[in-house]
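K.L.:
The structure under discussion is supplied below as structure tokens; questions concerning it will follow.
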Amino acid sequence: MKQTEVILLPRFLTPDPDLASVKLLTCDVDGVLTDGGMYFGSNGLSFLRFHVQDGTGLKLLMSEGVAVCFISQSQNEIIARRASSLGVPYCFLGVDNKLAPIVDLAAQLGIDFQDICHIADDINDLSLLEKVGFPVTVSGGVAKVKAVCRYETKTAAGHGAVRELCEAILAAKRLG
């Protein structure tokens with residue numbers, strides 16, 4: 001008789017009281033803060049599309065004392081410019097092992113991994129998602145990521161998913 005494997009999917013994001021303990025939000029960029037599309041002009045320039053509501057959500061979160069970090073495998077300078085324009089103080093680009101710089105950042109900030117939330121969509125974030133207290137994926141996240149995440153946004157990547165997460169964290173902090 002063949003055993004059936006049970007896969008628990010993440011629940012949709014709500015203002016879970018546990019989210020009140022989040023002190024650091026780390027965000028994958030491509031496929032989370034952007035829609036995952038890669039746009040190249042005929043002159044070789046690349047373009048990324050960010051959603052303004054995500055930026056506002058991140059600013060609101062930082063104004064409430066939550067640290068924010070962008071972390072990406074991409075080395076696209078546009079990401080650093082977006083981080084700078086929002087006042088996001090930590091931005092790691094060209095990172096294959098995303099866990100290592102966040103271990104260092106958490107130590108620098110004195111934040112326990114149980115108080116870190118990471119939002120991602122693909123397998124290159126698994127090592128970090130498996131370590132943080134609040135792993136989150138966007139609605140288009142791949143199955144292996146969904147399998148380790150506690151929450152999933154209802155909103156698509158690049159269309160306000162990060163804002164949805166920021167609002168859930170802020171609501172939990174107001175309740176707690």
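Computed from the coordinates by the stated procedures, all read-outs in this text should not be read as laboratory data. Everything numeric in this text was worked out from a predicted model, so none of it was measured. Because the Cβ atoms are built from the backbone with ideal geometry, glycine has one as well, and the counts that use them run over all protein chains shown.
K.L.:
Number of Lys pairs in the range 74-176 with C-alpha atoms less than 20 angstrom apart, excluding same-chain neighbours closer than eight positions?
P.N.:
Pairs that pass both the separation and distance tests number 7.
K.L.:
Run the quick spin-label model on Ala20 and Ser84: label points 7 Å from Cα toward the beta carbon, then report their separation in nm to one decimal.
P.N.:
Here the answer is 3.9 nm between the modelled labels.
K.L.:
Another one. Please give the length that would be gained between Phe12 and Ser46 if that part of the chain were fully extended, namely 0.36 nm times their separation in residues minus their C-alpha to C-alpha distance (nm, one decimal).
P.N.:
Here the segment from Phe12 to Ser46 would lengthen by 9.0 nm.
K.L.:
Could I ask something else about it? What is the dipole size for the chain, taken about its Cα centre, with +1 at each Lys and Arg Cβ and -1 at each Asp and Glu Cβ, in debye to the nearest 20?
P.N.:
Approximately 260 debye in magnitude.
K.L.:
Let me ask another. Taking the beta-carbon count within 10 Å as an exposure proxy, list Glu64, Glu152 from fewest neighbours to most.
P.N.:
Lowest to highest Cβ neighbour count: Glu64, Glu152.
K.L.:
In what order do Cys27, Cys91 fall by count of nearby beta-carbon atoms within 10 Å, going from fewest to most?
P.N.:
Neighbour counts put them in this order, fewest first: Cys91, Cys27.
K.L.:
Residue separation times 0.36 nm, minus the C-alpha to C-alpha distance between Tyr39 and Val103: what's the value?
P.N.:
So the chain would gain 19.8 nm between Tyr39 and Val103.
K.L.:
With helices defined as uninterrupted DSSP H runs, which ones in the chain have an alpha carbon span along their own long axis of at least 20 Å and mean Kyte-Doolittle hydropathy of at least 0.5?
P.N.:
Passing helices, by number: 161-175.
K.L.:
If the chain between Val142 and Ser63 were fully stretched, how many nm would it gain, using 0.36 nm times the residue separation less the Cα-Cα distance?
P.N.:
25.3 nm
K.L.:
Quick one: Cys117, Cys69, fewest Cβ neighbours within 10 Å first, how do they rank?
P.N.:
Cys69, Cys117
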